[in-house]
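What follows draws every value from the coordinates through simple rules; no lab data is involved. Remember, predicted model here, so these are calculated numbers, not experimental data. As a convention, Cβ positions derive from the backbone with ideal geometry for all residues, glycine included, and neighbour counts pool all protein chains shown.
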Amino acid sequence: MLNSASAAIKRVDRGADVILGGMWGPRSANRVVTPVKPYLQRLYAIKGIEASFDSIALHPYASNVEGSLAAVEVARGALERARDRRAGIWVTEIGWAAGGPRKSPYVKGKKGQAKLLSQTLAQLRSRRRTFRLRGVFWYSWRDKHGGESICEWCGHAGLRAKSGSAKPAWRAFAKVAKR
């Protein structure tokens, strides 16, 4: 399916960046999802598969900056071990919540959310060439009603509150984006 989809996309737009779907998966989640490293190892076992995509999409959720960066390093390492150095990485979801259940490692409070955003984006920016990083997307623009149905903290991960007012994370994002 990947080969067929890639060929169809490239027929329409030869310059398109064909991206593998968003991957998340620390080793601790291996009962729920296939972690990134073994997934990529199995994928690259398919002869010539690297010709079917240009980048991977990654969701490096972690409780801290170091964990998120480590997830990107694991993915980059898997690409390097597969000798696919040209493959890029898109961080298509990353974030922390300003509210939600305190027991969640992703709930950091308003100031903590802004601090982690600033630190993580700064680190990703400084390592963008090493990681062959093609772009980064924050998980949610705005807090949302019912977001808890996705995950316990997801409804609180926006850069803006449900009302639309800017949270400290919005200001941090705007500051980093201007650099």
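Observations
- Under 28 Å from the Cα of LYS167 - lysines, other chains or at least 8 residues apart: LYS103, LYS108, LYS110, LYS111, LYS115, LYS144, LYS175, LYS178
- Computed P(r) (all Cα pairs; region 69-157; 5 Å bins; percent): 3, 14, 21, 20, 15, 13, 9, 5, 1
- Close amide H contacts of ARG142 (hydrogens built in the peptide plane, cut-off under 5 Å, sequence separation of 5 or more or a different chain): LEU159, ARG160.
- Computed over the chain, the ratio Rg/Rh where both radii use C-alpha atoms and Rh is Kirkwood: 1.00
- Loop-located trypsin sites (Lys or Arg not before Pro) in region 1-99 (DSSP state not H, G, I, E or B) with no more than 12 neighbouring Cβ atoms inside 10 Å: ARG14, ARG31, LYS47, ARG83, ARG85, ARG86.
- Charge dipole (Cα centre; +1 on Lys/Arg Cβ, -1 on Asp/Glu Cβ; no other charges) of the chain amounts to roughly 620 debye.
- Counting only DSSP H runs of at least 4 residues, each contributing -39500 (n - 2.57), and dividing by the residue count of the chain, the helix-based mean residue ellipticity at 222 nm comes to -12000 deg cm²/dmol.
- Comparing PRO35, GLY67, GLY21 along the charge dipole axis of the chain, the residue lying farthest to the positive side is GLY67, per the Cβ-charge model.
- By DSSP, the beta bridges lying fully in the chain are antiparallel in about 5 percent of cases.
- For region 55-112, the alpha-carbon coordinates run over 42, 16, 16 Å along the three principal axes, in decreasing order.
- The residues GLU66, GLU93, when put in order of fewest to most other Cβ atoms within 10 Å, stand as GLU66, GLU93.
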